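Trainee: Starting off with a structure, shown below.
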Amino acid sequence: MTENPLRIILHLDMDSFYASVEVREDPDLRGKPVVVGADPKQGTGRGVVMTASYEARSVGIRSAMPIARAYHLCPGAIFLPPRMQLYARVSGEIMASLRSFGFPMEQVSIDEAFLDISPAGSFDAAGELGEEIQGAIARDYGLTCSIGIGPSKVVAKIASDYKKPGGLTVVAPHVVSGFLGPLPVRKIPGIGEKAEVELRSLGIRTIGELAGAEVQVLLARFGRGAVGMHNLARGVDGSEVVERTGPRSVSRETTFDADTIEPEVLAATMEELVQDVHRNLTGEGLRFRTVTVKVRYQGFVTRTKARSFPHHTDDLATIRRAADLLLRTLISDKKIRLLGLRLSGFETDDSRQTRLTV
Ligand code: TTP
Ligand code: MG
């Protein structure tokens, strides 16, 4: 098999997206620690941080951290409730602007996208294009983004995260292994905490060590996912930039005012989530295949359980049955802090969903 030597992929990710939009809307916030998420209620709030400005990150505040912890780290920070419609509108404008550059494009989330910029012809020209895109977004939308450019999607994605905020990292083919090698395995998309711990038990901490590991050893530990993981560690990722419209998943979650194990409270809350995601699903004209339930217990340990159906559907009763069944397997004697429900595996993007499973 011959590899196309001119494959050049660009990954763009907006910097502290929701917080940056808030700062743009209210210039008085510039330079200050800004946290978007749940109400901290003077340190007693129970939700989580959605994102934080880089000033807030400098004191340790991070996405998904309990909002009360963020408050204790920086009581003087500006805490704002999310304005999802505003962020969705700004995202739509930025994505349209990116599309206007004329390259095949794949939006992956509200604030990130891949572009196949192979026609740029060289990595030098690709770097200049990256600067041009950053300039256009700053000029037209008053926002900064980070860009990574590489010979594959995985390298581009890791590169965009390398120098945030405002970074531009170009990784030409001959420097891929030198670039990836020293980075921790967690930088590979799909490698989470569990896989990281497993890999550490094999003495593997860096991407370079993973790339150099025996596939047989990885296969014994990880099964089928091992080959994909090993390839990604070597920067090998043949997946194409696929034009995709619409979301990849629809989800809702609720943090309880007080941790609970009451079956009636859990059932009623799950029913609200079921109704909510179903409304969203049918509103978007989507049909799903996978239902995932998330439970966060007292103490913040979080578990998810998923079930996939052989056919796509948008049936409310199917969601309800699957959600109830999955929830039952997650209930123990531990009190529950948060319940979440997600639908995914929509008709148009099945191949991607399965590919991402490491
Ligand atoms: P990210 O791109 O992961 O984060 P970010 O843009 O805030 O910061 P950066 O890329 O500079 O590291 O996510 C994009 C948006 O998605 C983020 O602004 C808020 C939202 N989000 C959540 O609501 N919860 C989360 O746990 C994460 C990670 C993001
Ligand atoms: Mg971002």
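Trainee: State yes or no: is K157 among the basic types (K, R), in contact (Cβ under 8 Å) with a residue 24 or more places away in the chain and either within 14 Å of ligand 1 (Cβ to nearest atom) or in a loop (DSSP other than H, G, I, E, B) (or both)?
Mentor: The answer is yes for K157.
Trainee: If you don't mind, there's one more thing I want to ask. Would you check which residues across the range 197-235 are part of a loop (DSSP other than H, G, I, E, B) and either among the aliphatic types (A, V, I, L, M) or under 12 Å from L180 (Cβ atoms) (or both) and list them?
Mentor: If the condition is that a residue be part of a loop (DSSP other than H, G, I, E, B) and either among the aliphatic types (A, V, I, L, M) or under 12 Å from L180 (Cβ atoms) (or both), then L202, I204, G212, A213, R234, G235 are the ones that fit.
Trainee: Could I ask something else about it? When you go through (1) charged (D, E, K, R); (2) at pLDDT 95 or above; (3) part of a helix (DSSP H, G or I); (4) surrounded by fewer than 16 Cβ atoms within 10 Å (Cβ to Cβ) one by one for K194, which number turns out not to apply?
Mentor: Of the numbered conditions (1) charged (D, E, K, R); (2) at pLDDT 95 or above; (3) part of a helix (DSSP H, G or I); (4) surrounded by fewer than 16 Cβ atoms within 10 Å (Cβ to Cβ), the odd one out for K194 is (2).
Trainee: Do you know which of the residues in the range 126-140 that are surrounded by 15 or more Cβ atoms within 10 Å (Cβ to Cβ) and small (G, A, S) is farthest from D116 (Cα to Cα)?
Mentor: A136
Trainee: If you take the residues in the range 6-44 that are within 16 Å of ligand 1 (Cβ to nearest atom) and hydroxyl-bearing (S, T, Y), which one is farthest from E243 (Cα to Cα)?
Mentor: That would be S20.
Trainee: Further question: Can you confirm whether A306 is under 23 Å from the mean Cα position of the chain (by Cα), surrounded by fewer than 17 Cβ atoms within 10 Å (Cβ to Cβ) and aliphatic (A, V, I, L, M)?
Mentor: Answer is yes for this residue.
Trainee: Being in contact (Cβ under 8 Å) with a residue 60 or more places away in the chain, among the hydroxyl-bearing types (S, T, Y) and more than 23 Å from M95 (Cβ to Cβ) is the filter here; which residues of the range 245-298 pass it?
Mentor: T254, T255, T260, T269, T290
Trainee: When you look at L129, is it under 30 Å from P27 (Cβ atoms) and more than 16 Å from ligand 2 (Cβ to nearest atom), yes or no?
Mentor: yes
Trainee: Inside the range 240-313, counting only strands (runs of 3 or more DSSP E) that do not spill past its ends, which hold 3 or more residues that are farther than 30 Å from K153 by Cα?
Mentor: 249-260, 288-297
Trainee: Test each condition in (1) more than 14 Å from ligand 1 (Cβ to nearest atom); (2) without any contact (Cβ under 8 Å) to a residue 60 or more places away in the chain; (3) crowded, with 22+ Cβ neighbours inside 10 Å for L183 and report the one that comes out false.
Mentor: It is condition (3) that L183 fails.
Trainee: State yes or no: is R205 of a type in the set (K, R) and more than 30 Å from I117 (Cβ to Cβ)?
Mentor: Yes: the conditions hold for R205.
Trainee: Being part of a helix (DSSP H, G or I), in contact (Cβ under 8 Å) with a residue 24 or more places away in the chain and either over 25 Å from S344 (Cα atoms) or among the polar types (S, T, N, Q) (or both): is that true of L129 here?
Mentor: It is true that L129 is part of a helix (DSSP H, G or I), in contact (Cβ under 8 Å) with a residue 24 or more places away in the chain and either over 25 Å from S344 (Cα atoms) or among the polar types (S, T, N, Q) (or both).
The values are calculated or read from the model by the stated rules, or taken from the named source; none is laboratory data. Treat the numbers as computed from the prediction; the structure is a model and nothing was measured. Reconstructed Cβ throughout: ideal geometry from the backbone, glycine too, with neighbour counts over all protein chains shown.
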